[in-house]
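See structure below.
The values are calculated or read from the model by the stated rules, or taken from the named source; none is laboratory data. Predicted, not measured: the structure shown is a model, and the values here were computed from it. Cβ placement follows ideal geometry from the backbone for every residue including glycine, while neighbour counts extend to all protein chains displayed. For the accessible areas, the whole protein counts, side chains as well, though only heavy atoms, and no ligand, DNA or RNA atoms are used. Shrake-Rupley method; radii C 1.70, N 1.55, O 1.52, S 1.80 Å.
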Amino acid sequence: MDEAKLQTVAQVKAFLEGTHDIALKVPKVEHYGFIERVLKRFGYTRLSQCDKGVVLRYLIPIFNINSN
């Protein structure tokens, strides 16, 4: 899957609703760059609180943030 095709928060929300066990793998050395690209792509600072939550729910499983 080419995750860069997700261009809107609505697309991310639909992706999250349709996938429960899919985890995207990003090499550890690329984590910060990947996060930066995603946040810029969605204009994170201009998003509503609700939309920011959608973007964060998208990022959390990618990096297994809660698994440590």
Could you tell me which residue of the range 52-68 is most open to solvent (accessible area, probe 1.4 Å), considering only residues that are assigned to a helix (DSSP H, G or I) and at pLDDT below 85? Asn66
Listed by first then second residue, the pairs whose first member lies in the range 1-27 and is in a loop (DSSP other than H, G, I, E, B) and β-branched (Val, Ile, Thr), whose partner is surrounded by 10 or more Cβ atoms within 10 Å (Cβ to Cβ) and modelled with pLDDT of 85 or more, with beta carbons under 7 Å and at least 6 positions apart or on separate chains, are Val26/Phe34
Which of (1) over 10 Å from the mean Cα position of the chain (by Cα); (2) modelled with pLDDT under 85 does Gln49 not meet, given it meets every other one? (2)
Search the range 38-51 for residues being of a type outside the set (Gly, Ala, Ser) and surrounded by fewer than 11 Cβ atoms within 10 Å (Cβ to Cβ), and hand back the single one that is nearest to Val12 (Cα to Cα). Cys50
